[in-house]
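Values quoted throughout were computed directly from the atomic coordinates according to the rules given, and no laboratory measurement underlies them. Predicted model only: the values in this text are computed from it and were never measured. Cβ placement follows ideal geometry from the backbone for every residue including glycine, while neighbour counts extend to all protein chains displayed.
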């Protein structure tokens with residue numbers, strides 16, 4: 001079924017502690033309703049509706065996989081959580097259900113989900129991160145998965161149900177951090193990805209099950225902090241745009257977008273290594289007019305002949321545009337990105353524009369925002385409207401997204417190994 005992938009799902013007990021003031025045993029139906037009210041990310045159909053008071057707030061969820069005693073957990077809440085959020089938080093206790101190594105086997109691990117509703121500002125965001133890090137230091141294991149969703153925000157997005165399906169997983173050790181994703185226009189059934197910072201200047205072609213179909217080096221490019229990749233079909237082929245614009249410390253003076261032609265792969269070979277390094281067609285160098293920004297999202301609009309960029313910051317992101325200059329060389333003047341809009345969205349990590357130019361999607365670690373666009377409409381008008389808003393599949397450090405050719409499905413990966421490859425069925429326009 002497309003609505004319930006077998007790769008794993010969140011199961012939640014009826015044992016729920018709210019605000020830490022009392023413990024209640026709820027019937028299964030009530031517990032299920034509470035899960036959806038708290039915003040627990042789960043595979044399958046997911047819908048959540050928001051209201052729109054004046055004060056912007058966010059809901060952060062931390063998925064803590066730990067089997068510590070109730071005494072140790074209460075001490076953690078009293079010493080770490082409540083001093084930062086004295087109004088209280090919500091805790092959902094349950095377990096995470098995963099397939100085991102042997103066929104038919106299953107692994108269940110205890111999990112506590114911290115649901116924290118807080119003002120949408122940098123102070124609260126830092127406090128959530130401090131709790132996240134403290135949980136790992138105190139109890140060990142992986143850093144808790146974090147998702148952020150606008151909660152009770154002015155002009156909040158309309159929420160729609162979506163279905164998703166796990167296609168496979170990236171297991172190749174050469175791709176420890178799949179940071180961007182683009183559709184292979186010259187190669188049906190292929191997705192292009194790349195690593196995050198610290199990798200080599202190369203891109204990977206993926207089959208729909210996550211296995212590697214090809215590895216291609218890019219001549220003349222440097223991999224400082226690659227964050228996203230976009231594809232643009234052109235007569236007789238397609239172009240790939242690779243964004244080297246990550247800047248966590250906001251210290252870079254300029255950034256790069258590398259442009260190459262998508263190679264045509266050998267359809268008869270299961271795995272291909274591009275023997276010829278791809279030549280660099282363009283090196284678009286740019287900066288921001290208001291200083292350095294960390295950027296993780298890129299889209300190309302061939303009709304408007306522009307490149308769209310989305311910066312990443314707690315609680316708010318900036319949309320900028322660059323001219324689509326396919327003749328830019330490394331020694332060309334540095335372009336200045338022009339501001340288009342400022343959006344109250346949390347930590348945007350990926351973006352794509354549908355082939356018809358009618359749909360643009362922004363993705364965060366937990367949710368996605370879908371903007372509709374009328375023909376010829378200015379992007380500032382598009383971003384002034386309230387987008388559709390829906391939850392993404394459960395992903396740890398998920399930063400990538402791309403459309404299919406029809407703009408009705410999206411594909412996602414994660415910056416982990418193995419990285420699940422998800423297919424998301426989007427709502428109708």
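Each 10 Å bin from zero up to the one holding the largest Cα-Cα distance in the range 282-357 carries the following percent of pairs: 19, 49, 29, 3.
Per residue, the convex hull spanned by the alpha carbons of the range 214-253 comes to 111 Å³. The gain in end-to-end length when the residue 356 to residue 108 segment is fully stretched comes to 84.9 nm, 0.36 nm per residue minus the alpha carbon separation. Based on DSSP, what percent of beta bridges with both residues in the range 282-417 are antiparallel, to the nearest 5? Approximately 95 percent, going by the DSSP bridge assignments.
What ranking do 85-93, 247-255, 303-311 get when scored by the average of other Cβ atoms within 10 Å per residue, highest first?
303-311, 85-93, 247-255
Annotation: average projected area of the range 317-429 is 8.5 square nanometres, based on the convex hull of Cα atoms across all directions. Full extension of the chain between residue 277 and residue 406 gives 43.4 nm of extra length, using 0.36 nm per residue less the Cα-Cα distance.
Taking label points 7 Å from Cα along the Cα-to-Cβ direction, residue 75 and residue 174 give a separation of 4.8 nm. Put the Cα centre of the range 214-229 next to the Cα centre of the range 370-429 and the gap is 23 Å. Using the Cβ-Cβ distance between residue 121 and residue 249 with R0 = 22 Å, the FRET efficiency computed as 1/(1 + (r/R0)^6) comes to roughly 0.60. Only alpha carbons enter this Debye calculation for the range 234-341, each as an equal point scatterer, and the log10 of I(q)/I(0) it gives at q = 0.15, 0.20 Å⁻¹ is -0.69, -1.05. The label point for residue 142 and the one for residue 380, both projected 7 Å from the Cα toward the Cβ, are 4.3 nm apart.
With a Förster radius of 22 Å, plug the Cβ-Cβ distance of residue 329 and residue 200 into 1/(1 + (r/R0)^6) and report the FRET value to the nearest 0.05.
Efficiency, from the Cβ-Cβ distance: 0.50.
Coordinate range of the alpha-carbon atoms in the range 110-153 per principal axis, descending: 34, 21, 10 Å.
In this simple spin-label approximation, residue 133 and residue 425 carry label points 7 Å from Cα along the Cα→Cβ vector, and these lie 4.2 nm apart.
Ordered by the number of other Cβ atoms lying within 10 Å of each residue's own Cβ, fewest first, 362, 206 fall into the sequence 362, 206.
Applying 1/(1 + (r/R0)^6) with R0 = 22 Å to the Cβ-Cβ distance of residue 338 and residue 234 gives a FRET efficiency near 0.35. Cβ-to-Cβ counts within 10 Å put 340, 123, 363, 68 in ascending order as 123, 68, 340, 363, the fewest first.
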